[in-house]
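See below for the structure under consideration.
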Amino acid sequence: MKGIIAKKLGMTQIFTEKGQSIPVTVVEAGPCIVVQVKNMHKDGYEAVKMGFIEVKKEKNLSKPYIGVFKKAGTSSFRVLKEFDIPEGKNELKVGDCIKVDIFTKGDKISVSGISKGKGFQGVMKRHKFKGGPNTHGSMFNRAPGSIGASSFPSRVWRGQKMAGHMGNERNTIKNLTIVDVIPEQNILLIKGAVPGASNSIIEIRKEG
């Protein structure tokens, strides 16, 4: 298995033997339970669906979720994620437990998650526009400026960079490095930042 569901706990720093400071993201990865195995014959592709964070009261789940867990004969979980598996290489079955020890120090990974929501933002924050001059009575400070010609095409081009909703979208950061693995606490230390706020759910996949 090359992937796992995790919860972002926050960021800190660690120090190397040479005294260098390395910023790391601390995540709680697993344990995850396999609740469904998809195969090429029945579903048209091979994948594994895993559950994370056990739920004690079924009334907090929707009926489709409850049906999945009853069919699998496993506990109920708050988070369900699906991970693709190369054809013919699936050795997992329902009920198997995926733990953080599938990763080792130095592994290259990609992390996917929902970024922090920033609300409605202007072009300077959203698209890094420079803005206008602030001197000599200029009234053009943080405005977007011209957004199109009046003669042709007499409309705004699709995709024009303008003010609008920022953040709260799925992002994937690739080529991150695992600095340390703490199996006893299901903890991974990942070099650098990953998408999402603290306590948000992320997906970690091995690269290659």
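Computed from the coordinates by the stated procedures, all read-outs in this text should not be read as laboratory data. Note that the structure is a prediction, hence the values are computed from the model and not measured. Neighbour counts are summed over all protein chains in view; Cβ atoms, including those assigned to glycine, are modelled from backbone coordinates with ideal geometry.
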Lysine pairs meeting the criterion (Cα under 22 Å, 8 or more apart or interchain), as found in region 29-84: 27
Sites GLU207 and ARG78, calculated FRET efficiency, Cβ-Cβ separation with R0 22 Å, nearest 0.05: 0.20
Dmax and Rg, reported as Rg then Dmax, of region 10-78 (C-alpha, Å): 18.7, 55
Inter-centroid distance (Cα atoms) of region 1-48 relative to region 125-150, Å: 42
Principal axis dimensions, region 123-208 - Cα atoms, whole angstrom, descending: 65, 34, 23
Whole-number D in µm² s⁻¹ for region 44-100, Kirkwood Cα-pair radius fed into Stokes-Einstein, 4 °C, 1.567 mPa s: 104
Total charge dipole magnitude, region 30-173, about the Cα centre, Cβ charges on Lys, Arg, Asp, Glu only, Debye to nearest 20: 720
Cα gyration tensor shape for region 115-168, rounded if a/c is under 1.5, else prolate or oblate: oblate
Within region 107-142: backbone nitrogen closer than 20 Å to the LYS191 label point (7 Å, Cα to C-beta): 107-112
For the chain, with +1 on Lys and Arg beta carbons and -1 on Asp and Glu, the positive-most of CYS32, SER115, ILE187 along the dipole: SER115
Principal-axis tilt of helix 63-72 within the chain, Cα atoms, nearest 10 degrees: 40
Cα radius of gyration and Dmax for the chain (Å): 22.7, 73
Highest-first arrangement of 22-32, 120-130, 2-12, 52-62, where packing means the average Cβ count within 10 Å: 22-32, 2-12, 120-130, 52-62
